[in-house]
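One structure is given here, and the rest of the page talks about it.
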Amino acid sequence: MGLCRFVDARTEDPFALLAARQVGRDAQIEKVVAEIIEDVRVRGDAALLDSARRYDAPNLASIEVPPSDIDSAALPAHFENAIRFAANRIEQFHTLQLSHFTEGLVPEAGSFGWEHAGLGQRVMPLDRVGVYVPGGKATYPSSVLMNVIPGRVAGVGSAFVTTPARADGSLAPSVLFALKTAGVDRAYRVGGAAAIAALAFGTESVPRVDKIVGPGNRFVNEAKRQLWGRVGLDGYAGPSEVCVLVDETANPKWAAADLLTQIEHSDDNSAFLVSTCEETLRRVLDCVEIQLAGAQAEATMRNALADQSMAILAKDVSHAVDIVNAIAPEHLTISTANPEAVLGKVKNAGAVLLGDYTPESAGDFVLGPSHTLPTSGAARFGSPVNVLDFLKIQSVSQISFDDLAGLIPTIEAFGQMEGFPTHARGATIRQE
């Protein structure tokens with residue numbers, strides 16, 4: 001089992017190891033990001049162009065993607081069909097989510113609401129959202145779709161995308177076609193911390209937004225951490241991670257493929273294999289070894305397995321689920337005899353893929369739920385990007401003279417308890 005760390009949870013406590021996991025902090029990255037943010041705040045577009053030229057495209061002329069590039073984007077037919085098909089499924093899923101969330105609410109102009117006895121809420125979409133789409137070594141049209149479309153379904157006013165340019169200053173045709181399909185308002189060729197700062201502050205070209213969603217590297221996430229509160233954020237994410245839960249009925253080849261799917265991006269990704277059967281665990285790892293040999297990202301995946309990953313042998317299914325909940329994985333595959341029964345006990349996971357015929361890659365590209373998920377244990381409290389990320393709620397109250405009279409004793413009592421007599425006076429003055 002030399003591929004990754006092996007933990008026999010029948011004799012060794014895995015929970016202390018799992019509790020020690022956290023989003024990594026790096027003082028040098030924090031310093032660099034703080035300088036980039038301040039530079040963008042002060043110099044605006046000039047700082048963005050300098051950053052894009054330094055890190056991505058040395059001869060970039062301007063950061064804004066010409067609308068004509070998006071409008072004219074074209075791909076081979078099977079790629080265009082794939083993007084449209086995935087977009088339709090993502091839209092359908094989030095439209096269904098919105099309909100369930102707003103069921104029973106009263107439609108208003110651009111919002112929904114409810115009211116009872118003078119108390120209620122208004123649910124309305126955000127005005128401007130920013131979407132960060134990673135770039136660099138790979139292209140991510142799927143990230144355009146998975147982060148823009150839920151906002152469109154929610155009814156956001158405008159959606160703006162930032163993404164790193166390729167070395168020649170262009171965006172990949174697949175990304176351009178995804179931008180067109182998703183219906184973005186504008187797109188900008190800038191990445192990293194500078195892009196997050198631009199969306200948070202606004203520049204001459206980039207509008208200031210209300211919220212930023214989308215995955216990114218360590219610099220992107222550190223910028224999100226430093227700008228938290230100045231702009232709304234989907235979350236502070238760490239590296240990608242996957243957990244595959246198997247029992248004696250699992251297909252080892254398929255489980256191995258799911259384990260490798262999510263660590264293909266970077267060698268700081270994590271994979272967790274949790275099994276109730278030692279023979280199955282060993283067979284899965286044997287299949288991992290076979291599938292690694294000659295793979296395009298073999299070195300990356302081997303490093304992720306060796307440095308960041310674990311194979312954990314549990315006592316039984318209940319113990320295995322306790323381990324999964326402690327991991328709180330971004331992606332969870334359940335390959336057991338009765339995956340639905342296991343799901344009922346899973347509290348912490350970003351996305352759950354049930355059964356033998358629901359591969360991780362389907363969730364990444366086409367099932368419908370967004371693939372932007374909580375990581376590094378954040379599934380204990382966080383959620384995938386979804387329609388609710390693009391909505392906000394206002395509370396609305398209106399009471400009568402007689403209603404207020406009945407509340408004044410309680411208001412006065414709290415004013416006294418908390419040492420704020422003027423608060424109480426704000427109510428009693430209306431009865432004089």
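Kindly indicate whether any position in region 239-250 is touching a Pro at 6+ places or on another chain (Cβ under 6 Å), among the acidic types (Asp, Glu) and not in a strand (DSSP E or B). Explain how you work it out, then say what you get.
Quick first cut of region 239-250, residues touching a Pro at 6+ places or on another chain (Cβ under 6 Å) only: 241, 243.
With the extra rule that they be among the acidic types (Asp, Glu), the set shrinks to 241.
Remaining after also requiring not in a strand (DSSP E or B): none.
So far as region 239-250 goes, no, none of its residues is touching a Pro at 6+ places or on another chain (Cβ under 6 Å), among the acidic types (Asp, Glu) and not in a strand (DSSP E or B).
Using the structure shown, decide if residue 16 is more than 30 Å from residue 367 (Cα to Cα), in the same structural domain as residue 278 (by TED's automatic domain parsing), without any contact (Cβ under 8 Å) to a residue 12 or more places away in the chain and out of contact with any helix residue (DSSP H, G or I) (no Cβ under 9 Å at 6 or more places or on another chain). The answer is yes for residue 16.
Show me the helices (runs of 4 or more DSSP H) found entirely inside region 1-77 where at least 3 residues are not hydrophobic (A, V, I, L, M, F, W, C).
Details: elements: 15-19, 27-43, 45-55, 67-71.
Helices (runs of 4 or more DSSP H) meeting the threshold: 27-43, 45-55, 67-71.
Counting only helices (runs of 4 or more DSSP H) wholly contained in region 343-432, the ones carrying 1 or more residues that are under 29 Å from residue 232 (Cα atoms) and at pLDDT 95 or above occupy 360-365.
Does region 139-149 contain any residue that is modelled with pLDDT of 95 or more and farther than 23 Å from residue 374 by Cβ? For region 139-149, residues modelled with pLDDT of 95 or more and farther than 23 Å from residue 374 by Cβ: absent. In region 347-361, the residue that is nearest to residue 254 (Cα to Cα) out of those that are of a type in the set (A, V, I, L, M, F, W, C) and buried (at least 17 other Cβ atoms within 10 Å of the Cβ) is 353.
Just one of the listed residues (367, 391, 404, 354) is under 40 Å from the mean Cα position of the chain (by Cα), over 30 Å from residue 337 (Cβ atoms) and among the aliphatic types (A, V, I, L, M), namely 391. Looking at this structure, is residue 197 surrounded by 24 or more Cβ atoms within 10 Å (Cβ to Cβ), of a type in the set (Gly, Ala, Ser) and free of Cβ contacts under 8 Å to residues at least 60 places away in the same chain? Against the criterion (surrounded by 24 or more Cβ atoms within 10 Å (Cβ to Cβ), of a type in the set (Gly, Ala, Ser) and free of Cβ contacts under 8 Å to residues at least 60 places away in the same chain), residue 197 does not qualify.
Restricting attention to region 3-39 and to residues that are touching an Asp or Glu at 6+ places or on another chain (Cβ under 7 Å) and among the β-branched types (Val, Ile, Thr), the residue that is nearest to residue 288 (Cα to Cα) turns out to be 29. Looking at 118, 169, 157, 110, just one residue is in contact (Cβ under 8 Å) with a residue 24 or more places away in the chain, closer than 22 Å to residue 220 by Cβ and surrounded by fewer than 18 Cβ atoms within 10 Å (Cβ to Cβ), and that residue is 169.
The values are calculated or read from the model by the stated rules, or taken from the named source; none is laboratory data. Keep in mind that what you see is a predicted model, and the values were worked out from it rather than measured. All Cβ positions, even for glycine, are placed from backbone atoms using ideal geometry, and neighbour counts span all protein chains on display.
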